[in-house]
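Quick notes on the structure that follows.
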Amino acid sequence: MTNSLNHGIRVTNQFDTFSQNNYMVETEDFDYDGGQYVADWHPDDYFGFGAATNIDFQHISEGGEQFPYRTDGIPESLVQNYTIEARQRFVDVGENDYQLDWFGASDWANYTRSYPSGSFYVFARSSGIGAFAMDLDRVVSGAGTTNQVTQRLGHWGAAGRGARTYAWIALTDDGLAAPAVVKLGGVSTLRLTTTTGLCYPNYFMLVPASGINLSASRSGNNIIISFPTQAGVTYRVFYRDDLSAGNWNLLTTVLGDGTVKLAADPSTGTRRFYKVTAP
């Protein structure tokens with residue numbers, strides 16, 4: 001945009017296309033009273049609930065903490081910039097939206113739910129101060145006790161820009177590049193753990209992972225990966241040499257235009273596995 005003097009201005013705006021119908025888990029609604037949960041959830045259903053330390057949560061107190069929503073556990077506060085962050089489900093019933101506060105390294109919280117069935121990408125909505133990282137785990141045994149065994153599902157990592165500035169953070173595998181796909185279905189307990197820094201998570205969301213059909217062929221000394229695309233969608237092609245060890249590595253990024261696109265990978269003479277994701 002320019003004015004009559006030909007002086008220009010540029011404005012960058014980021015927006016998401018997530019559906020508010022996606023399954024979401026509010027971080028302030030962690031388990032209560034030793035592994036209990038609300039089956040038919042509505043906003044602010046956990047108001048006034050307590051929680052059992054080392055069963056439902058773990059938190060290192062920072063001092064001066066506030067508990068306007070839960071009676072104890074992990075401190076929380078009203079979501080900042082609510083006019084921007086407000087979701088329709090809260091607006092419709094006139095309830096408040098909260099976030100966890102002072103969620104620091106080694107803090108964790110359990111979330112038992114009857115999760116929808118399928119394969120999902122998982123996105124966290126969080127702010128933070130400086131670099132921070134969180135893990136998502138599944139409690140595979142001992143839920144509701146102090147002896148819980150967990151299985152790692154993926155990692156979140158971001159550079160925080162203050163407690164009032166939220167961002168979408170995609171769950172990734174150990175390589176911190178390829179998005180992790182989580183398979184769920186029925187009652188299960190997931191655990192959110194801060195591993196680095198200080199963050200203020202609001203909720204995490206399950207986004208159905210749709211499949212992309214791809215094929216591989218050989219052309220000279222290259223392996224050619226082909227896959228259909230949609231115009232304007234960015235695709236990432238990953239590879240790894242072993243499905244049971246190592247991480248997915250980014251091969252290339254491709255901008256879709258509605259046609260079948262190709263990605264070339266020099267042949268190594270050994271087996272190699274590929275996957276394509278969007279984003």
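Relative contact order, whole percent, for the chain stands at 18, derived from Cα pairs under 8 Å and 6 or more residues apart. What the chain shows is 52 Å² of accessible area per residue, with the surface traced by a 1.4 Å probe over protein heavy atoms.
Working note: Debye formula, equal point scatterers on the alpha-carbon atoms of the chain, no solvent; log10 I(q)/I(0) at q = 0.12 Å⁻¹ is -0.83.
A simple spin-label model places the labels of Ala245 and Phe47 5.5 nm from each other, with each point 7 Å out along Cα-to-Cβ. Spatially, region 208-240 and region 1-72 are offset by 35 Å when compared through their Cα centroids. Here the Gaussian network model covers the chain, with springs between Cα atoms less than 10 Å apart; of Thr146, Thr53, Thr193, Thr146 fluctuates the most.
With helices as the sole contributors, the chain gives -500 deg cm²/dmol at 222 nm; each DSSP H run of n ≥ 4 counts as -39500 (n - 2.57), and the sum is divided by every residue. Counted by Cβ distance under 12 Å from Ala209, the other residues give a net charge of +2, where Lys and Arg count +1 and Asp and Glu count -1. Computed from the Cα positions only, the extents of region 212-273 along the three principal axes stand at 33, 27, 17 Å, in decreasing order.
Applying 1/(1 + (r/R0)^6) with R0 = 35 Å to the Cβ-Cβ distance of Arg152 and Ser267 gives a FRET efficiency near 0.60.
Whole-percent P(r), region 1-57, all Cα pairs, 10 Å bins from 0: 17, 30, 16, 13, 10, 11, 4. Charged neighbours of Arg271, selected by a Cβ distance under 15 Å, balance to +1 (K, R count +1; D, E count -1).
For region 131-192, the calculated P(r), taken from all Cα-Cα distances in 5 Å bins from zero up to the bin holding the longest distance, is 4, 16, 22, 20, 16, 13, 8, 1 percent. For the chain, the share of accessible area belonging to carbon and sulfur comes to 50 percent (1.4 Å probe, ligands and nucleic acids excluded).
The values are calculated or read from the model by the stated rules, or taken from the named source; none is laboratory data. All values derive from a computational prediction rather than experimental measurement. Backbone-built Cβ (ideal geometry, glycine too); neighbour counts: all protein chains shown. With ligands, DNA and RNA removed, areas are computed over all heavy atoms of the protein, side chains included. Shrake-Rupley method; radii C 1.70, N 1.55, O 1.52, S 1.80 Å.
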